[in-house]
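Below you'll find the structure, written out as structure tokens, and then a few comments.
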Amino acid sequence: MKFVIVTGMSGSGKKSAVRILEDHDYFCVDNMPIELILKFAEISDHKADKNVALGIDVRSGDELSQIDKVLSEMKARHYKYEILFLECSDKVLLKRYKESRRPHPLAPNGSVEEGIAKEREQLAFLKNNADYIIDTSQLLVKDLKHEMEKIFIDNGDYRNLFVTVSSFGFKYGTPADADLIMDVRFLPNPYYDEKLKYKTGNEKEVQEYVMSEEYSHVFLKKLLDMVVFLIPYYIKEGKNQLVIAIGCTGGKHRSVTIANKLFDELSKIDQLGVKILHRDVERDK
């Protein structure tokens, strides 16, 4: 039996996470009173044939401060559990609240930003003790579903790091959320070939043009080696979201080609979450 505690920031996708587990035949309870968790764990332990998911968040109010005692008692009784913490950047959370026009649970009549800050403080204990942290800042629901299935359905070895490989055009500005930015404007440019000018790095002909020189392959290998080298250290430092931005002039040919190839190589790494994004490939069409 799996006993999963689903928690995290309001607006990070907790309800979606609970529904995903429910779709996989988990018995799910959301926002159970903290004082009932221990009894619920005891009952679940006796029914070991059913996986269980329990949603906990700041809606518990002052009772949330008792969660550390409850979890300590569960450990003392040898009740096994795992904590999934859904993280999200303040910037994205503010955007989601603005779009939904819903108040923050900790600031019903005040600043959403203040509510987020209070929530981070109250949930610090759960985050510090989480077995899995998924940052949903760059994830769609289908991406979250994929990551959760690797952990809780396929029993994969999750590394708490999700990598987004993004192409972009420098003439439209650099991505504000990028952790690593690589400039590939030195690679062969298909823009000056009339047959390729209006194609993109998603097409074979453009990719062959960009990779036509030996130094293109050398660069890709060195870039991959650097990223693979860095990943364990990002994980060690507790980072759970890595955005690698690959830029060329317009974000259509060279950057798209390299981003695609880097994505393909990183996707071969077992249990590493990887997503591809082409920010500017559809511009000026």
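The values are calculated or read from the model by the stated rules, or taken from the named source; none is laboratory data. This one's a predicted model, so the numbers in the text were calculated from it and none came from an experiment. Note: ideal-geometry Cβ built from the backbone for every residue, glycine included; neighbour counts use all protein chains shown. The area values use the complete protein model at the heavy-atom level, side chains included, leaving out ligands, DNA and RNA. Shrake-Rupley method; radii C 1.70, N 1.55, O 1.52, S 1.80 Å.
Accessible surface computed residue by residue for the range 60-212, with neighbouring protein chains in place and a 1.4 Å probe, gives 57 Å² per residue.
Straight Cα distances below 20 angstrom link K199 to the lysines K171, K252, K261, K285, with same-chain residues fewer than 8 positions distant left out.
Computed with a 1.4 Å probe on the full set of protein chains, the accessible area for I5 sits at about 0 Å².
The portion of the accessible surface of the range 216-278 made up by carbon and sulfur, rounded to a whole percent, is 60 (1.4 Å probe; DNA, RNA and ligands excluded).
For the range 167-215, what ratio Rg/Rh do Cα atoms give with a Kirkwood hydrodynamic radius?
Taking Rg over the Kirkwood Rh, I get 1.00.
In the chain, the DSSP-assigned H stretches of four residues or longer account for a calculated mean residue ellipticity at 222 nm of -12500 deg cm²/dmol, using -39500 (n - 2.57) per stretch and the full residue count as denominator. Computed over the range 14-59, the P(r) tail beyond 11 angstrom holds 66 percent of alpha carbon pairs.
Suppose every K and R has +1 on its Cβ and every D and E has -1 on its Cβ; what is the size of the dipole of the range 23-166 about the Cα centre, in Debye to the nearest 20?
The calculated dipole for the range 23-166 is roughly 280 debye.
When we measure straight from the Cα of K2, which lysines land under 22 angstrom away, once same-chain ones fewer than 8 places off are left out? List returned: K14, K15, K39, K47, K50, K69, K75, K80, K127, K145, K150. Simple spin-label estimate for A48 and L224 gives 4.4 nm between the two label positions (7 Å along the Cα-to-Cβ direction from each Cα).
Compactness ratio for the range 200-257: Cα radius of gyration over 2.2 N^0.38 Å (N = residue count) comes to 1.36. Charges were assigned to the Cβ only: +1 to each Lys and Arg, -1 to each Asp and Glu. The resulting dipole of the range 41-88 about its Cα centre is roughly 200 debye.
What is the range 179-233's relative contact order, in percent, from Cα pairs under 8 angstrom and six or more apart in sequence?
That works out to 27 percent.
Put simply, the C-alpha atoms of the range 109-190 give a gyration tensor, and the ellipsoid matching it has half-axes of 32, 22, 12 Å, longest first.
DSSP assigns beta bridges within the range 11-154; of those with both partners inside it, close to 10 percent run antiparallel. Each residue, R120 and L277, gets one label point 7 Å from its Cα in the Cβ direction; the gap between the two is 1.9 nm. Atom-type composition of the exposed protein surface of the range 1-136 places 49 percent of the accessible area on carbon and sulfur (1.4 angstrom probe). Put the Cα centre of the range 110-126 next to the Cα centre of the range 23-101 and the gap is 17 Å.
In the chain, what % of DSSP beta bridges are antiparallel (nearest 5)? Just about 5 percent of them are antiparallel.
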